1. How do Thr155, Thr71 line up, fewest other C-beta atoms within 10 Å first?
2. Using the number of other C-beta atoms within 10 angstrom as an exposure proxy, rank Val67, Val125 with the fewest first.
3. Amide H to amide H, which residues 5 or more places from Glu149 or on other chains are under 5 Å from it, using H placed in the peptide plane?
4. Students often get this wrong, so check it: of Lys77/Lys115; Lys129/Lys160; Lys95/Lys160; Lys63/Lys115; Lys61/Lys115, which have C-alpha atoms separated by over 26 Å?
5. Under 17 Å from a label point 7 Å along Cα→Cβ of Glu135: give me every residue in the range 70-98 with its amide N that close.
6. Counting pairs of Cα atoms in the range 64-159, how many percent are more than 23 Å apart?
Amino acid sequence: MINKTLRRLAGAVTVVALLWAVAACTEGQMDAAVEGDAAEGVISADNKPVVKEPDVTRAAKPKWRKVATFTGKKGQKSPKFKIGGGEWKVEWDVKKAGGKDNSEFILILHNARDKNDSEILTTQVGPGKDFADFEQAAEAEYYFDVNSELPYEITVSEYK
């Protein structure tokens, strides 16, 4: 007897939910009726559907984030720096220095974990700015060899 009563009650709730869903569809509220708890027959005390808002976590927009900056006035080896993987770039700015405007600036990038992995990024004469960009799958550690008689600034950035 109790089972029959519960089945009838459950059937009645289902019918009410279906009727509400049909009514909601005719009023342009189909998304709420289909996606929310109303599709499961949950109705508030004031006969309005109870719709849960999706939990949306906003991811930070990617932007260029500085990893390291190196400055100098002569040739030297830079400290090591780590790149986490993905897109990254190296920017250099070579400045004037009195009568040495025709000096050469050479910038070589070395993989600190693989001595056979090196790349000459530039061999420019005199002051000027430029950059090189990279894409890599995994974390890596690098350093620079700089040969210069001009003042310079080297900036490493990741797109994260």
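1. Working: Thr155 17, Thr71 11.
Ranking Thr155, Thr71 by Cβ neighbours within 10 Å, fewest first, gives Thr71, Thr155.
2. Details: Val67 18, Val125 12.
Listing Val67, Val125 from fewest to most nearby Cβ atoms yields Val125, Val67.
3. Glu104
4. In this structure, Lys95/Lys160; Lys63/Lys115; Lys61/Lys115 lie more than 26 Å apart at Cα.
5. Only 84-90 fall inside the zone, counting backbone N under 17 Å.
6. On the way: 1008 of 4560 pairs.
Of the Cα pairs, 22 percent sit more than 23 Å apart.
All of the numbers you see were taken from the coordinates with simple rules; none came from a lab. The shown structure was predicted, so the numbers you read here are calculated from the model rather than taken from an experiment. Because the Cβ atoms are built from the backbone with ideal geometry, glycine has one as well, and the counts that use them run over all protein chains shown.
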